[in-house]
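Working notes, structure below.
The values are calculated or read from the model by the stated rules, or taken from the named source; none is laboratory data. Nothing here was measured: the structure is a model prediction, and the numbers come from that model. With ideal geometry, Cβ positions are generated from the backbone for all residues, glycine too; neighbour counts draw on all protein chains shown. Just so you know, the surface numbers come from the protein's heavy atoms only, side chains and all, with ligands and any DNA or RNA stripped out. Shrake-Rupley method; radii C 1.70, N 1.55, O 1.52, S 1.80 Å.
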Amino acid sequence: MEFSMVIKKSEESQMRRHHATSLLTLVLAAAFLFSAVLAGPAFCDKNRPHEKLTFPELREFTVPEVQQAQLANGMKLYYLQDSDLPLVNARMIIRTGGFLDPADKVGLAGIAGSVMRTGGTAAHPGDQLDDLLEGIAAQVETGIGDESGFARLNCLTDNFDQVLEIFADVIRNPAFPQDKIDLTMIEARSGISRRNDDPSGILSREFSRAIYGPDSVYARNMEYEHLANITREDLVAFHATWFHPENCILAIWGDIDAEAITAQVERAFEGWEAGAPQF
């Protein structure tokens, strides 16, 4: 009983100190505001040092002019010469995407985009291509998202002709070897098994279902049964349907010859004929 009385008195003492501190804070704040009002403009001037700062004029900036060309096969080309560094970059956007997957084969587009690069081509098998590009400090990558596909390259100027030829070959002639398809399938199944480890992933999936509806192509999720339905023939058919020059836009920038780049691209993609429009 005596112990409880001690605790109660201690709590009452703490509450009195808290009220006293709060009252003191209010008094000091009121005094500060009152002094600011009395000081008037002089007080305000002292607390606006930023108004006395001066800055040099900004350097004039000219937006670079991007040039464009239409290739004979229907592909659009945008290019910009920038020779500050001996590097060349390119990115292609392809009019395709996961929204085109059949309902029973969700994930088909993504797997096709991955195996296009990992599997390489008949002329440049995937593993050999990895070694070749690594030896010249170059990159060629492909992928397909929900609403578009992409391919990109990065290389030194001296290797541009060689890497551009590889880039075009990967886009046009993917081999889709079964061993690389199997490896990508294993990775996809692993992703499915671990996707609930991250609460933000669950939130994103459920939010898409709530916004678009469970039957929307933007709310679908790849499942084990979808992967079981996907075959190599499906990947080949998907590529043949959507990868045509008139479905592609290519941008190239860096240490290029602006007067020669169109002819270079024409040579690299020579023989790639337009396909039947799909949209």
- prompt: In segment 210-219, is there at least one residue being charged (D, E, K, R) and either surrounded by 12 or more Cβ atoms within 10 Å (Cβ to Cβ) or assigned to a helix (DSSP H, G or I) (or both)?
  reply: no
- prompt: How about segment 106-132: which of its residues are among the basic types (K, R) and open to solvent by 70 Å² or more (accessible area, probe 1.4 Å)?
  reply: none
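Given the condition in contact with a Leu (Cβ under 7 Å, 6 or more places away or on another chain) and farther than 30 Å from D158 by Cβ, answer yes or no: does some residue in segment 255-263 qualify?
Checked against the condition, which is being in contact with a Leu (Cβ under 7 Å, 6 or more places away or on another chain) and farther than 30 Å from D158 by Cβ, segment 255-263 yields no hits at all.
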- request: For segment 233-240, indicate whether the set of residues that are farther than 20 Å from A175 by Cα and not polar (S, T, N, Q) is non-empty.
  value: no
- prompt: Restricting to segment 51-100, what's the tally of residues that are loosely packed, with under 15 Cβ neighbours inside 10 Å and within 23 Å of the chain's Cα centre (by Cα)?
  reply: 3
field: From E147, E165, residue being under 30 Å from S216 (Cβ atoms), out of contact with any strand residue (DSSP E or B) (no Cβ under 8 Å at 6 or more places or on another chain) and open to solvent by 80 Å² or more (accessible area, probe 1.4 Å)
entry: E147
- request: Check whether at least one residue in segment 173-181 is of a type in the set (A, V, I, L, M) and in contact with a Ser or Thr (Cβ under 7 Å, 6 or more places away or on another chain), and report yes or no.
  value: yes
message: Name the single residue that is farthest from F99 (Cα to Cα) among those in segment 193-209 being among the hydrophobic types (A, V, I, L, M, F, W, C) and open to solvent by 70 Å² or more (accessible area, probe 1.4 Å).
response: L203
message: Given the criteria touching a Lys or Arg at 6+ places or on another chain (Cβ under 8 Å), open to solvent by 70 Å² or more (accessible area, probe 1.4 Å) and small (G, A, S), does A103 qualify?
response: yes
statement: Condition set in a helix (DSSP H, G or I) and without any contact (Cβ under 8 Å) to a residue 40 or more places away in the chain, scope segment 242-274, selection least open to solvent (accessible area, probe 1.4 Å): answer is A263
Qualifying residue in segment 189-206 (condition: within 25 Å of D130 (Cα to Cα) and either assigned to a loop (DSSP other than H, G, I, E, B) or in contact with a Lys or Arg (Cβ under 9 Å, 6 or more places away or on another chain) (or both)): no
- prompt: Is there any pair linking a residue in segment 209-224 that is aliphatic (A, V, I, L, M) to one that is open to solvent by 100 Å² or more (accessible area, probe 1.4 Å) and in a loop (DSSP other than H, G, I, E, B), with Cβ under 6 Å and at least six apart or on different chains, and which?
  reply: none
